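Reviewing the structure listed below.
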Amino acid sequence: MKITPGGVVAAEWTKFSSLRSTWITTGISVFLLIAFGMIASASFSGDNMTSIDLALSGSALAALSVGVLGALLGAGEYTTGMIRATLATVPRRMPVLWSKSLVAGSAALVTMTAGAFAAFVAGSAVLNDDIGGLGLGDDGVLRALLGAGLYLGLVAVLGVALGMLVRSSAGAITILAGLLLIVPGLAALLPDSISEAITPYLPSNAGSAVMTLTHADGILAPWAGLAVFTGYVVVTLAAAAYRLKTTDA
């Protein structure tokens, strides 16, 4: 039987959607995005945050959650040994990586975009009176919400790439958490001249720039930041593809 790209994608979707952990992790991701957005919107008072910043304040934790989802999809078959059967069925190998990335990225893009809009609506409903509300028609709001979905979708793809690169769910999740959460904190400990030069280009800082309404010092322009983060994802995918192609399962 001829193996088609569509057939590989369908097979990966079946694997992805049949796992209970997929739905649990996806639900947690959406919950974190909405819940933290509502809490921040209701409790914050000040003049250095917009309502969209507050609504999307749960994006860092949501990013970790969808990244875990991608890592589990990428590395899970190596843990169980099923990867040998998969690669025997798809001997060209590369379609497996692209299909896993497409499935995880698309699922995260759709659910997290919906979650971002839900967080914005819910956050606006409980917004602290000290914060001026924004509407979908205001400048940059739609871009920020759609950008949140794009960024989180790319994080899921990064998780898949790391999973297939290191071939360990725990290892991939550890690296992902380090890149998104720990490295920015460590960079802040460096001398100011160095920290200010590299901080905007760190993965989570670059990617999340697309969710900001205003361009401030130390933050990349929205689409430039997303492009930098996409570069990290592409490089990691290339490394995963090289290992998949040149080493045994």
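The values are calculated or read from the model by the stated rules, or taken from the named source; none is laboratory data. Bear in mind that the values here come from a model prediction, so they are computed numbers and not experimental data. Every residue, glycine among them, receives a Cβ derived from its backbone with ideal geometry; neighbour counts consider all protein chains shown. Heads up: the accessible areas ignore ligands, DNA and RNA and are worked out on the full protein's heavy atoms, side chains in. Shrake-Rupley method; radii C 1.70, N 1.55, O 1.52, S 1.80 Å.
Tabulated results
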| item | result |
| --- | --- |
| Residue within segment 81-89 that is assigned to a helix (DSSP H, G or I), more than 23 Å from I34 (Cα to Cα) and modelled with pLDDT of 90 or more present | no |
| Selected residue (only one of A148, A118 is surrounded by fewer than 18 Cβ atoms within 10 Å (Cβ to Cβ), modelled with pLDDT of 90 or more, among the hydrophobic types (A, V, I, L, M, F, W, C) and out of contact with any strand residue (DSSP E or B) (no Cβ under 6 Å at 6 or more places or on another chain)) | A118 |
| Residue that is farthest from V155 (Cα to Cα), among those in segment 197-217 that are free of Cβ contacts under 8 Å to residues at least 40 places away in the same chain, open to solvent by less than 50 Å² (accessible area, probe 1.4 Å) and in a loop (DSSP other than H, G, I, E, B) | A216 |
| Single condition I24 does not satisfy, out of (1) of a type in the set (A, V, I, L, M, F, W, C); (2) in contact with a Phe, Trp or Tyr (Cβ under 7 Å, 6 or more places away or on another chain); (3) open to solvent by 40 Å² or more (accessible area, probe 1.4 Å) | (2) |
| Odd one out for L32 among (1) touching a residue at least 60 places away in the same chain (Cβ under 8 Å); (2) in a helix (DSSP H, G or I); (3) in contact with a Ser or Thr (Cβ under 8 Å, 6 or more places away or on another chain); (4) among the aliphatic types (A, V, I, L, M) | (1) |
| Flag if L64 is open to solvent by 20 Å² or more (accessible area, probe 1.4 Å), assigned to a helix (DSSP H, G or I) and within 14 Å of A156 (Cα to Cα) | yes |
